[in-house]
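Visitor: Can you keep this structure in mind? I'll have questions shortly.
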Amino acid sequence: MNRHKMTWATHRTAWRPQDAGAAPLEAHRRASDRTRTFLVLTLLGACALPFLPRQTLAQTAGEPDAVALSYEFLDLDDPRAMTDADGVPMLTFACFDEDDNLVWARPFASIDAWCRYTRNDPNLADRKTEQTGWAMSRGDEEIFWPLQALMYLCPAVRDTVAAIETRPLVFDRFARAWTAPHIEFTTGENLCHQPSGTVYWNPTLTRAYGAPVAWDTFPPLVGLAHELVHAWQRVVEYKQIYGPTLQIGAMKGENLARYAFYRKVPGNDWLRPRPGNRGVYLNGVLAAYFEDMEWSEWWPGFEPVLDIFEEQ
Ligand SMILES: [Zn+2]
């Protein structure tokens with residue numbers, strides 16, 4: 001299973017006494033919390049119960065403190081995916097317990113809507129500073145939460161970011177300075193500054209070349225997934241200078257993210273795998289973009305090709 005698991009306790013019970021003397025106070029606080037919760041639940045009445053997250057119910061029923069929850073976005077064709085009033089599947093975020101049972105599922109109109117919800121959900125946000133991606137986002141929540149969405153959509157990105165964050169600093173030999181690999185916004189092209197592992201991400205960019213092929217258009221987070229592989233190549237593989245061969249790994253990672261959007265985020269049925277870097281060059285001039293391929297022709301091990309140069 002590659003679903004991301006939160007190994008810490010759930011909210012409201014996450015607090016642990018720092019010393020023995022504090023324990024009775026905490027026990028009292030929890031007891032009064034339960035009493036208050038019981039009263040609230042009673043007032044709400046049984047009709048409201050099915051709409052409360054099961055997680056909350058489990059806690060008020062006095063479950064053990066530490067509950068290892070895991071989360072993921074569901075595939076649109078998953079029978080548990082939520083639907084709108086017309087029966088159309090929606091972006092669905094799901095929470096599972098330790099036994100892989102669905103605890104709750106919530107529909108969202110968009111990734112932006114998910115970000116707004118999640119940054120205010122204590123179970124997902126209270127320990128944000130310890131989560132994968134916080135260091136690379138440098139605490140900028142406008143970057144951190146979209147990155148979280150990308151990592152819940154595409155677990156391979158989580159592995160990539162986690163590996164980068166094992167090294168807080170790298171030495172940029174050109175700037176002759178230690179720098180922290182991180183993500184920052186740009187209004188220009190997506191880019192990884194290879195010597196420092198700095199990712200520049202344009203959250204509005206949806207085209208690479210303005211080419212008349214379907215694969216040239218993509219959700220902005222796909223562009224981020226691509227550049228994060230380059231940062232990984234810098235930090236983990238010591239690739240301090242960009243070279244075309246680095247594109248293969250980055251495009252492979254990009255395609256995993258594309259597939260996740262295709263499978264899980266409504267409105268991306270037009271999205272295609274990236275078949276290669278750009279296209280075929282004849283006498284140094286671009287003669288043709290690589291042709292579109294279908295998902296049925298793609299698999300996670302598929303290696304997009306580099307540009308092809310031909311002489312006449
Ligand atoms: Zn690249």
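Visitor: For a quick check of your reading: which helices (runs of 4 or more DSSP H) sit entirely within segment 113-178 and have at least 2 residues that are among the acidic types (D, E)? Reasoning before the result, please.
Guide: Details: elements: 122-125, 134-137, 141-153, 155-164.
The qualifying helices (runs of 4 or more DSSP H) are 141-153.
Visitor: Still on this structure, I have one more. Residue check, R258 against (1) more than 13 Å from the ligand (Cβ to nearest atom); (2) surrounded by fewer than 23 Cβ atoms within 10 Å (Cβ to Cβ), all met but one. Which one?
Guide: With (1) more than 13 Å from the ligand (Cβ to nearest atom); (2) surrounded by fewer than 23 Cβ atoms within 10 Å (Cβ to Cβ) applied to R258, the lone miss is (2).
Visitor: Considering only residues of segment 232-241 that are surrounded by fewer than 16 Cβ atoms within 10 Å (Cβ to Cβ) and part of a loop (DSSP other than H, G, I, E, B), which is nearest to the ligand (Cβ to nearest atom)? Before the answer, list the steps.
Guide: Pass one, segment 232-241, residues surrounded by fewer than 16 Cβ atoms within 10 Å (Cβ to Cβ): 236-238, 241.
From what is left, the residues that are part of a loop (DSSP other than H, G, I, E, B) are 238, 241.
Working: Y238: 17, I241: 13 Å.
In this case the residue turns out to be I241.
Visitor: Name the single residue that is farthest from K252 (Cα to Cα) among those in segment 157-170 being among the hydrophobic types (A, V, I, L, M, F, W, C) and crowded, with 18+ Cβ neighbours inside 10 Å. Quick ask: steps written out before the conclusion?
Guide: Within segment 157-170, the subset among the hydrophobic types (A, V, I, L, M, F, W, C) is 157, 161-164, 169-170.
With crowded, with 18+ Cβ neighbours inside 10 Å added as a condition, the list becomes 157, 161, 164, 170.
Values: V157: 11, V161: 16, I164: 18, V170: 24 Å.
Among residues in segment 157-170 that are among the hydrophobic types (A, V, I, L, M, F, W, C) and crowded, with 18+ Cβ neighbours inside 10 Å, the one farthest from K252 (Cα to Cα) is V170.
Table: residues versus (1) of a type in the set (A, V, I, L, M); (2) under 30 Å from L286 (Cβ atoms).
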| residue | (1), (2) |
| --- | --- |
| E130 | no, no |
| L153 | yes, no |
| A162 | yes, no |
| A175 | yes, no |
| H182 | no, no |
| H193 | no, yes |
| T204 | no, yes |
| A211 | yes, yes |
| T217 | no, yes |
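Visitor: Checking the conditions here, which among G284, G279 is under 28 Å from R234 (Cα atoms), in contact with a strand residue (DSSP E or B) (Cβ under 8 Å, 6 or more places away or on another chain) and either at pLDDT below 95 or more than 12 Å from the ligand (Cβ to nearest atom) (or both)? I'd like the intermediate steps shown before the answer.
Guide: On the way: G284 fails: under 28 Å from R234 (Cα atoms).
G279 is the lone residue from the list that is under 28 Å from R234 (Cα atoms), in contact with a strand residue (DSSP E or B) (Cβ under 8 Å, 6 or more places away or on another chain) and either at pLDDT below 95 or more than 12 Å from the ligand (Cβ to nearest atom) (or both).
Visitor: List every residue pair whose Cβ atoms sit under 8 Å apart, with the two residues 6 or more apart in sequence or on different chains, where the first one lies in segment 238-263 and is farther than 30 Å from D75 by Cα and without any contact (Cβ under 8 Å) to a residue 12 or more places away in the chain and the second, anywhere, is part of a helix (DSSP H, G or I) and more than 13 Å from the ligand (Cβ to nearest atom).
Guide: none
Visitor: So for segment 118-134 (the condition being closer than 20 Å to T204 by Cα and in contact with a His (Cβ under 9 Å, 6 or more places away or on another chain)), does at least one residue qualify?
Guide: Scanning segment 118-134, I find no residue that is closer than 20 Å to T204 by Cα and in contact with a His (Cβ under 9 Å, 6 or more places away or on another chain), so the answer is no.
Visitor: Filter segment 264-291 down to the residues that are closer than 18 Å to Y209 by Cβ and free of Cβ contacts under 8 Å to residues at least 24 places away in the same chain, then identify the one that is surrounded by the fewest Cβ atoms within 10 Å (Cβ to Cβ).
Guide: Going through segment 264-291, the residues closer than 18 Å to Y209 by Cβ turn out to be 270-282, 284-291.
With free of Cβ contacts under 8 Å to residues at least 24 places away in the same chain added as a condition, the list becomes 285-288.
Details: V285: 6, L286: 13, A287: 14, A288: 13.
This residue is V285.
Visitor: Moving to a separate point now. Please verify whether V229 is among the β-branched types (V, I, T), crowded, with 20+ Cβ neighbours inside 10 Å, more than 16 Å from the ligand (Cβ to nearest atom) and in a helix (DSSP H, G or I), treating the condition exactly as stated. Full working, then the answer.
Guide: Working: among the β-branched types (V, I, T): yes; crowded, with 20+ Cβ neighbours inside 10 Å: yes; more than 16 Å from the ligand (Cβ to nearest atom): no; in a helix (DSSP H, G or I): yes.
No: the conditions fail for V229.
Visitor: On to the next question. Suppose we filter P273, P244 for residues that are within 22 Å of L191 (Cα to Cα), in a loop (DSSP other than H, G, I, E, B) and modelled with pLDDT of 95 or more; which single one remains? Give the steps one after another, and end with the answer.
Guide: Numbers: P244 fails: modelled with pLDDT of 95 or more.
None of the other options fit; the residue is P273.
Visitor: Next up: Can you tell me how many residues in segment 109-145 are surrounded by 20 or more Cβ atoms within 10 Å (Cβ to Cβ) and over 15 Å from the mean Cα position of the chain (by Cα)?
Guide: 1
Visitor: Within segment 207-226, can you find the residues that are within 14 Å of the ligand (Cβ to nearest atom) and surrounded by 18 or more Cβ atoms within 10 Å (Cβ to Cβ)?
Guide: So the first thing to find is which residues in segment 207-226 are within 14 Å of the ligand (Cβ to nearest atom), and the list is 208-209, 218, 222-226.
Scanning segment 207-226 gives A208, F218, V222, G223, L224, A225, H226.
Visitor: Among the candidates P212, P195, single out the residue that is assigned to a loop (DSSP other than H, G, I, E, B) and in contact with a helix residue (DSSP H, G or I) (Cβ under 8 Å, 6 or more places away or on another chain).
Guide: Numbers: P212 fails: in contact with a helix residue (DSSP H, G or I) (Cβ under 8 Å, 6 or more places away or on another chain).
Among P212, P195, only P195 is assigned to a loop (DSSP other than H, G, I, E, B) and in contact with a helix residue (DSSP H, G or I) (Cβ under 8 Å, 6 or more places away or on another chain).
The values are calculated or read from the model by the stated rules, or taken from the named source; none is laboratory data. Predicted model only: the values in this text are computed from it and were never measured. Quick reminder, even Gly has a Cβ in these numbers, built from the backbone with ideal geometry, and neighbours come from all protein chains shown.
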